[in-house]
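Read through the structure below, which is laid out as structure tokens, and then see the notes.
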Amino acid sequence: MAKGKELMGEWNYPTKVHFGAGRVSLLPDVCKTLNISRPLLVTDAGLVSQSFTQKILKNNKAMGLECCLFSKVKPNPVGENIDEGVVAYHEAGCDGVIAVGGGSALDAGKAIALMSGQDRPIWDFEDVGDNWQRVNPEGIAPVIAIPTTAGTGSEVGRAAVILDSACQIKKVIYHPDMLPEVVIADPALTLGLPAHLTAATGLDAFVHLLEAYCAPGFHPMADGIALEGMRLVKENLPTAFERGEDLSARSNMLAASLMGAVAFQKGLGAVHALAHPLGARFDAHHGLLNAILLPYVLRRNRVAIEKKLEHAALYLALDEPCFDVFYTWVLSLRKQLQIPATLQDIGISTIDRESIGQMAIQDSCASGNPVLFSAEDYGAIFEEAVTGKGL
Ligand SMILES: [Fe+2]
């Protein structure tokens with residue numbers, strides 16, 4: 001048996017997950033189980049021509065399932081993408097969504113399924129207070145999620161991040177029933193992911209795990225998952241980056257990605273609170289932003305996370321169980337994965353420092369950070385990450 005083929009599983013946590021190489025072939029049966037006879041396949045334009053997308057469409061057709069295709073999803077999906085998707089869903093008389101792709105396509109697919117049966121605008125369901133209770137749960141279409149990157153973990157998440165282009169703010173749209181009914185996690189679909197995207201998405205997963213682990217609050221289940229997920233990233237991301245065809249590394253990274261999204265039910269933190277406005281303002285890759293921002297935020301959080309990172313360093317078998325060794329390891333991992341050291345390196349300047357700081361404190365992830373930063377603090381971290389000051 002080829003190495004990695006044995007990494008298979010049938011999980012019911014946090015939803016039904018068929019995990020393992022080749023499992024995408026189960027899709028027609030999964031549709032039948034969910035009584036989906038006319039699915040809308042949501043993906044992004046770049047994935048339509050990929051052989052696996054074409055294969056999915058062909059296999060479904062062979063089994064009598066006529067898939068309708070919707071691929072007008074931007075890398076940072078906007079509200080208009082969701083509106084168009086809902087129109088396509090109803091025009092084709094669909095009865096469920098198959099979301100295939102990275103975080104953008106999965107989030108868009110989940111949002112289209114949510115909005116297929118609501119009579120309020122999507123922004124009314126932003127994850128603020130009890131807004132989720134405005135959703136008519138009967139109006140949420142079933143979703144089958146098929147990730148093709150290992151990072152976002154959106155396939156096991158209950159939210160979608162959508163850009164409100166009118167105000168250039170990324171909003172988290174949330175309802176517990178947005179959790180896909182079934183996930184097909186097939187690591188063979190991630191084998192062709194280019195190295196730079198493997199690095200950026202893989203570090204997004206790592207930041208989910210680390211921010212969840214450091215978020216305040218009593219949640220030992222999330223902490224345990226986060227620690228093991230971080231270990232999987234440490235052991236497998238460099239291999240997946242250097243040898244993209246390594247199925248074992250790809251399988252472990254896909255598992256780590258799912259674990260990140262499960263763990264961050266506990267909370268995220270300042271890396272994401274800054275990455276969201278920066279992604280909205282500069283249309284930059286979410287995982288790449290997180291990867292660049294991470295050490296600058298870690299330093300500022302030091303006082304509140306020193307003890308936790310001692311435990312993490314011990315579990316990850318780093319040279320010494322202390323903050324400094326953990327921090328140095330993060331820097332070396334970033335370098336090994338050829339992540340730029342500063343935001344300046346990807347063309348971002350401090351031009352909007354004040355407004356970015358303001359947007360960061362209003363982001364829903366800010367409350368999960370172990371230190372409650374002010375807008376001025378966020379502005380200062382942003383500036384450090386642009387210039388590389390103190391790195
Ligand atoms: Fe993320």
Residue selected from region 299-337 under the condition hydroxyl-bearing (Ser, Thr, Tyr) and farther than 21 Å from residue 224 by Cβ, by the criterion least open to solvent (accessible area, probe 1.4 Å): 327
For residue 1: the one exception among (1) modelled with pLDDT under 95; (2) assigned to a loop (DSSP other than H, G, I, E, B); (3) within 22 Å of residue 90 (Cβ to Cβ): (3)
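Please state which one of 59, 81, 136, 35 is open to solvent by 20 Å² or more (accessible area, probe 1.4 Å) and either under 29 Å from residue 169 (Cβ atoms) or among the aromatic types (Phe, Trp, Tyr) (or both).
On the way: 59 fails: either under 29 Å from residue 169 (Cβ atoms) or among the aromatic types (Phe, Trp, Tyr) (or both); 81 fails: open to solvent by 20 Å² or more (accessible area, probe 1.4 Å); 35 fails: either under 29 Å from residue 169 (Cβ atoms) or among the aromatic types (Phe, Trp, Tyr) (or both).
Only one candidate qualifies: 136.
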Some residue of region 190-203 being more than 16 Å from the ligand (Cβ to nearest atom) and open to solvent by less than 20 Å² (accessible area, probe 1.4 Å): yes
All positions within region 163-173 that are touching a helix residue (DSSP H, G or I) at 6+ places or on another chain (Cβ under 6 Å) and buried (at least 20 other Cβ atoms within 10 Å of the Cβ): 163, 170, 173
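Of all the helices (runs of 4 or more DSSP H) wholly in region 287-389, which have at least 3 residues that are under 29 Å from residue 242 (Cα atoms) and among the aromatic types (Phe, Trp, Tyr)?
Values: elements: 323-336, 353-362, 375-387.
Of the helices (runs of 4 or more DSSP H) lying wholly inside region 287-389, those with at least 3 residues that are under 29 Å from residue 242 (Cα atoms) and among the aromatic types (Phe, Trp, Tyr) span 323-336.
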Among the candidates 276, 285, residue that is more than 24 Å from residue 191 (Cα to Cα) and either within 19 Å of the chain's Cα centre (by Cα) or of a type in the set (A, V, I, L, M) (or both): 276
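Hey, could you check region 231-263 for residues that are assigned to a loop (DSSP other than H, G, I, E, B) and open to solvent by 40 Å² or more (accessible area, probe 1.4 Å) and say which is nearest to residue 179 (Cα to Cα)? Before the answer, list the steps.
Filtering region 231-263 for residues assigned to a loop (DSSP other than H, G, I, E, B) gives 243-246.
Adding the requirement that they be open to solvent by 40 Å² or more (accessible area, probe 1.4 Å) leaves 243, 245.
Numbers: 243: 32, 245: 30 Å.
Going through the qualifying residues, I end up with 245.
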When residues of region 1-20 are limited to those that are touching a helix residue (DSSP H, G or I) at 6+ places or on another chain (Cβ under 7 Å) and charged (D, E, K, R), the one farthest from residue 183 (Cα to Cα): 3
Pair list, Cβ under 8 Å, 6 or more apart: region 307-329 residue without any contact (Cβ under 8 Å) to a residue 12 or more places away in the chain and aromatic (Phe, Trp, Tyr), other residue surrounded by fewer than 16 Cβ atoms within 10 Å (Cβ to Cβ) and not in a loop (DSSP other than H, G, I, E, B): none
Sole exception among (1) part of a helix (DSSP H, G or I); (2) within 16 Å of the ligand (Cβ to nearest atom) for residue 266, by number: (1)
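Working only within region 203-252, note down all residues that are among the hydroxyl-bearing types (Ser, Thr, Tyr) and closer than 21 Å to residue 298 by Cβ.
Taking region 203-252 and keeping what is among the hydroxyl-bearing types (Ser, Thr, Tyr), we get 213, 239, 248, 251.
Across region 203-252, the qualifying residue is only 213.
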All positions within region 100-158 that are modelled with pLDDT of 95 or more, more than 16 Å from the ligand (Cβ to nearest atom), of a type in the set (Val, Ile, Thr) and within 26 Å of residue 368 (Cβ to Cβ): 122, 135, 140, 143
Per-region count, region 355-369, residues more than 21 Å from the chain's Cα centre (by Cα) and open to solvent by less than 40 Å² (accessible area, probe 1.4 Å): 2
Total residues in region 38-56, condition within 28 Å of residue 173 (Cβ to Cβ) and not aliphatic (A, V, I, L, M): 8
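The values are calculated or read from the model by the stated rules, or taken from the named source; none is laboratory data. Keep in mind that what you see is a predicted model, and the values were worked out from it rather than measured. A quick note on method: Cβ atoms are made from the backbone with ideal geometry, for glycine too, and the neighbour counts reach across all protein chains shown. These accessible areas exclude ligands, DNA and RNA; they are computed on the full protein's heavy atoms, side chains included. Shrake-Rupley method; radii C 1.70, N 1.55, O 1.52, S 1.80 Å.
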